[in-house]
Amino acid sequence: MPLEIQIGDIIDTKKPHPCGNNRFEVLRIGMDFRIRCMKCDKQIWISRTNLEKRIRKIERQGSLLKPEDVKK
């Protein structure tokens, strides 16, 4: 069952971006996601399955959620 991820969510990943940051903002959702690195502003396209495997936590409008808390 897919995670409930919304546009504007901030995602912390297990593996950092090459710039050293592991926080990303969700810009587009669907089968593929477009996320933006919060440090260097680089935009990345990633498939839903790959992104869901790499998520450590999700921050939604100031509240902190873990992946198991946002399953449908």
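The values are calculated or read from the model by the stated rules, or taken from the named source; none is laboratory data. A quick note: this is a predicted structure, and the numbers were derived from the prediction, not measured. As a convention, Cβ positions derive from the backbone with ideal geometry for all residues, glycine included, and neighbour counts pool all protein chains shown.
Observations
- Some residue of segment 44-62 being surrounded by 11 or more Cβ atoms within 10 Å (Cβ to Cβ) and in contact with a Gly (Cβ under 9 Å, 6 or more places away or on another chain): yes
- Which numbered condition Cys37 fails, given (1) in contact with a Phe, Trp or Tyr (Cβ under 8 Å, 6 or more places away or on another chain); (2) in contact (Cβ under 8 Å) with a residue 24 or more places away in the chain: (2)
- A count restricted to segment 20-68 and to residues that are out of contact with any strand residue (DSSP E or B) (no Cβ under 7 Å at 6 or more places or on another chain), under 15 Å from Ile10 (Cα atoms) and at pLDDT below 90 stands at 4.
- So Lys15, is it of a type in the set (Lys, Arg), part of a loop (DSSP other than H, G, I, E, B) and surrounded by fewer than 15 Cβ atoms within 10 Å (Cβ to Cβ): yes
- The single condition from (1) part of a loop (DSSP other than H, G, I, E, B); (2) free of Cβ contacts under 8 Å to residues at least 40 places away in the same chain that Ile5 fails is (2).
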